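Encoded as structure tokens, the structure appears first; notes follow it.
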Amino acid sequence: MRNIDHFIGGGAYASGERQGDVFDPNNGGVQARVRLGTAADLNKAMDNARAAQPEWAAMNPQRRARVMFKFKELVEANMDDLALLLSSEHGKVIADAKGDVQRGLEVIEYACGIPHALKGEYTQGAGPGIDVYSMRQPLGIVAGITPFNFPAMIPMWMFGVAIACGNAFILKPSERDPSVPVRLAELMKEAGLPDGILQVVHGDKEMVDAILDEEDIKAVSFVGSSDIAQYIYSRGTANGKRVQAFGGAKNHGIVMPDADLDQVVNDLAGAAFGSAGERCMALPVVVPVGEKTADALREKLIPAVRKLRVGVSTDAEAHYGPVVTAAHKANIERYIQMCADEGGELVIDGRGFKLQGHEEGFFIGPTFFDHVKPHFRSYQEEIFGPVLQMVRADNFEEALRLPSDHQYGNGVAIFTRNGHAAREFAARVNVGMVGINVPIPVPVAYHTFGGWKRSGFGDIDQHGPEGVRFWTKIKKVTQRWPDGSVTGENAFVIPTMG
């Protein structure tokens with residue numbers, strides 16, 4: 001049995017007897033065991049980080065960027081192996097796993113430009129002989145707590161910018177698929193990152209609480225469910241930390257009567273069912289405007305959904321693979337039954353799907369509901385599986401209200417040829433990320449990522465310029481050089497520019 005150890009001080013670190021199972025979602029078997037660390041393991045990582053961070057922060061940003069450039073090269077050279085490792089523990093198909101890695105690399109590419117991103121501001125002659133300038137400095141030791149659904153992308157979103165800014169970073173990945181984060185840390189070391197600057201500690205709530213309570217961890221970034229995000233934000237900020245905590249989602253796709261329905265169906269198939277729906281930017285709710293639009297969309301959706309191929313993660317022809325664990329599969333099936341009990345029309349039922357030769361795998365077939373109502377609990381909550389719900393809207397205003405009034409506000413999309421409707425929707429919808437004829441509106445790496453309402457706690461988003469803001473503190477300097485003419489008569493009056 002393979003053991004997955006912590007990565008502390010530049011190498012594997014095995015401590016304690018408590019371990020968790022890591023499954024192969026394709027066959028349901030246990031393929032590895034991961035260490036479940038304690039506060040003592042975190043303390044060891046903290047000691048290494050304290051020793052290494054000052055020298056790393058003092059290194060000029062161009063040299064830090066060179067490590068990022070080398071890391072990018074190494075990840076690209078190891079892309080196939082990383083994708084295979086990721087798929088084996090998560091279950092997403094290989095092509096999707098490569099996309100997971102690539103979207104993380106795009107933030108690493110942004111971090112390669114950290115010398116420019118860290119530049120401060122300067123004003124000469126702000127007052128008589130006075131200049132004012134600012135500088136961005138690292139926080140010190142920071143941490144990230146990442147989810148199972150993107151074990152490569154989200155860690156790189158966090159540690160890439162944080163480390164480039166001069167911080168030491170402690171990563172606590174999901175215990176469900178922890179091997180890729182460890183491998184990324186190994187590649188960072190190979191790229192020239194000093195030991196102690198990127199470390200990986202495994203664990204469950206005990207490790208999470210240790211991170212939140214550790215005084216010398218100055219900032220924490222989290223992605224996961226909304227209830228846990230709210231807990232992370234509350235406990236972390238109560239301990240004086242800077243916290244960004246991103247939660248769940250129930251993203252809507254609004255389909256206007258003038259939309260290209262063939263394109264909509266193609267986009268919905270990927271956005272709703274890709275990665276088995278285990279994405280916070282998935283599109284699990286489609287909202288056609290008008291009965292005619294709904295009926296026409298339904299007619300096209302049914303055969304498209306039925307044609308989706310579910311297979312093992314290494315099947316190049318599969319559209320998606322298994323979900324991550326048996327417990328998660330059972331939870332998705334519970335929501336399917338809930339929606340049916342609430343009165344949703346179960347048009348296509350994906351429960352009971354079996355793959356020959358992999359009967360114990362965690363597979364769920366694509367599921368499609370029509371006539372779902374906003375008061376359904378199954379609509380109000382995140383299912384996080386290959387389930388598409390259709391909620392019919394009579395008009396544009398009703399369609400606009402649905403995502404705006406929902407407890408989650410991560411992403412939303414509108415499909416239309418009408419520029420005025422698209423512009424009006426983007427301006428008024430109460431959601432953090434908007435797609436116009438783009439089903440999964442994840443911004444590019446040099447912009448920023450983040451949802452609203454219960455999808456995001458904290459006031460600074462991830463990566464891009466916002467990431468630099470989150471992982472640094474800004475120092476403002478006002479300077480004057482004496483020239484021998486100062487009388488001192490106004491020394492006790494606050495200086496003004498009047």
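The values are calculated or read from the model by the stated rules, or taken from the named source; none is laboratory data. What you see is a predicted model, and the numbers here were worked out from it, not measured in a lab. Note that each Cβ is placed from the backbone with ideal geometry, even for glycine, and that neighbours are counted across all protein chains shown. Only protein heavy atoms, including side chains, enter the accessible area calculation; ligands, DNA and RNA are left aside. Shrake-Rupley method; radii C 1.70, N 1.55, O 1.52, S 1.80 Å.
By how many nm would the segment from Met79 to Met338 lengthen if fully extended, with 0.36 nm per residue of separation less the alpha-carbon distance?
89.2 nm
With +1 on each Lys and Arg Cβ and -1 on each Asp and Glu Cβ, how big is the dipole of segment 350-498 about its Cα centre, in debye rounded to the nearest 20?
Using Cβ point charges on Lys, Arg, Asp and Glu, segment 350-498 gives about 100 debye.
With unit charges on the beta carbon (Lys/Arg positive, Asp/Glu negative), name the residue among Leu105, Gly321, His371 whose Cα is farthest towards the positive pole of the charge dipole of the chain.
Positive-most Cα among the choices belongs to Leu105.
Whole-Å semi-axes of segment 174-259's equivalent ellipsoid, largest first, each the root of 5 times a Cα gyration tensor eigenvalue?
Whole-Å semi-axes of the equivalent ellipsoid: 30, 21, 13.
Over the chain, calculate the relative contact order: mean separation of alpha carbon pairs under 8 Å at least 6 apart, over the residue count, as a percent.
18
Can you compute the FRET efficiency between His116 and Ala14 using 1/(1 + (r/R0)^6), with r the Cβ-Cβ distance and R0 = 41 Å? Round to the nearest 0.05.
Approximately 0.50, to the nearest 0.05.
Can you flag which of Lys300/Lys329; Lys241/Lys473; Lys172/Lys241 are past 24 Å Cα-Cα?
Lys300/Lys329
Could you work out how far the C-alpha centroid of segment 82-150 sits from that of segment 323-366, in angstrom?
So the separation of the two Cα centres works out to 37 Å.
Given Cβ point charges of +1 (Lys, Arg) and -1 (Asp, Glu) and nothing else, what value in debye, to the nearest 20, does the dipole of the chain about its Cα centre take?
820
Within the accessible area of segment 131-264, what % is carbon and sulfur when the probe is 1.4 Å and the other protein chains stay in place?
47
With the other protein chains left in place, how much accessible area per residue, in square angstrom, belongs to the chain at a 1.4 angstrom probe?
41
Please turn the phi angles of segment 152-160 into ³J(HN,Hα) values with the Karplus equation 6.51 cos²θ - 1.76 cosθ + 1.60 (θ = phi - 60°), one per residue in order, whole Hz, x for glycine and proline.
In residue order, the calculated couplings are 10, 4, 5, x, 5, 4, 7, 6, x Hz.
If you wrap a convex hull around the Cα atoms of segment 1-91, how much volume per residue is inside, in Å³?
115
For segment 213-240 and segment 255-310, compute the distance between their C-alpha centroids and round to whole Å.
36
Taking all pairs of distinct Cα atoms, average 1/r, flip it, and tell me the Kirkwood hydrodynamic radius of segment 63-142 in Å to one decimal place.
For segment 63-142, inverting the mean 1/r across all distinct Cα pairs yields 15.6 Å.
Rank-order 329-339, 160-170, 449-459 by packing density, defined as the average count of other C-beta atoms within 10 Å over each peptide's residues, highest first.
Ranked by mean Cβ neighbours within 10 Å, highest first: 160-170, 449-459, 329-339.
Which residues does the label zone of Lys292 cover in segment 415-434, counting backbone N under 17 Å from a point 7 Å along Cα→Cβ?
Residues 416-418 qualify, since their backbone N sits under 17 Å from the label point.
Compare Lys250, Lys205, Lys72 by solvent-accessible area with a 1.4 Å probe and give them largest first, with all protein chains kept in place.
Solvent-accessible surface, decreasing: Lys205, Lys72, Lys250.
Eigenvalues of the Cα gyration tensor times 5, then square-rooted: what semi-axes does that give for segment 342-437, in whole angstrom, largest first?
Listed largest to smallest, the semi-axes of segment 342-437 are 31, 15, 13 Å.
Compute the label zone of Ala427 within segment 376-410: residues whose backbone N is under 20 Å from the point 7 Å along Cα-to-Cβ.
From segment 376-410, the list is 396-405.
Apply the Kirkwood formula to segment 128-167: the hydrodynamic radius equals the inverse of the mean of 1/r over all pairs of different alpha-carbon atoms; give it in Å with one decimal.
Evaluated over segment 128-167, this radius sits at 12.5 Å.
Using each residue's phi in segment 429-434, evaluate 6.51 cos²θ - 1.76 cosθ + 1.60 at θ = phi - 60° and report the 3J(HN,Hα) Karplus result to the nearest Hz, with x for Gly and Pro.
Working through the residues one at a time gives 5, 8, 9, x, 10, 10 Hz.
Tell me the mean residue ellipticity at 222 nm calculated for the chain from its helices only (DSSP H runs of n ≥ 4, each -39500 (n - 2.57), averaged over every residue, nearest 500).
-12000 deg cm²/dmol
If you take the charge dipole of segment 159-211 about its Cα centre, with +1 on Lys and Arg Cβ and -1 on Asp and Glu Cβ, which of Gly196, Ser179, Val161 is farthest toward its positive end?
Among Gly196, Ser179, Val161, the one farthest towards the positive end of the dipole of segment 159-211 is Val161.
How many nm is it between the label spots at Gln407 and Asp47, if each spot is 7 Å from the Cα in line with the beta carbon?
Here the answer is 4.4 nm between the modelled labels.
Relative to the present Cα-Cα distance, how much length would full extension add between Asp483 and Asn239 at 0.36 nm per residue of separation?
So the chain would gain 83.2 nm between Asp483 and Asn239.
Working from the pairwise distances between different alpha carbons, so that the mean of 1/r is found and then inverted, what is the chain's Kirkwood radius in Å?
One decimal place: 24.0 Å for the Kirkwood radius.
Please report, in debye to the nearest 20, how large the charge dipole of segment 239-296 is about its Cα centre when each Lys and Arg carries +1 at its beta carbon and each Asp and Glu carries -1 there.
640
Under a point spin-label approximation (7 Å from Cα along Cα-to-Cβ), what is the Ala330-Val30 distance to one decimal in nm?
Reported label-point gap for Ala330 and Val30 is 1.6 nm.
Strictly greater than 26 Å: what percent of every Cα pair in segment 123-241 meets that?
Roughly 26 percent, once rounded to a whole number.
By how many degrees, 0 to 90 and rounded to 10, does the Cα axis of helix 39-58 deviate from the longest principal axis of the chain?
50
Going by average Cβ neighbours within 10 Å, how do the peptides 4-15, 271-282, 93-104 rank, with the highest at the top?
Listed from highest to lowest mean packing, they are 271-282, 93-104, 4-15.
Can you tell which of Gly277, Gly253, Ser234 lies farthest toward the positive end of the dipole of segment 211-290, using +1 and -1 charges on the Cβ of basic and acidic side chains (Lys, Arg; Asp, Glu)?
Ser234
Quick one: of the DSSP bridges fully inside the chain, what percent are antiparallel, nearest 5?
Around 40 percent antiparallel, to the nearest 5.
Measure nothing but the geometry: give the 0 to 90° angle between the long axis through the Cα atoms of 326-342 and the longest principal axis through the Cα atoms of the chain, rounded to 10°.
Once rounded, one gets 60 degrees.
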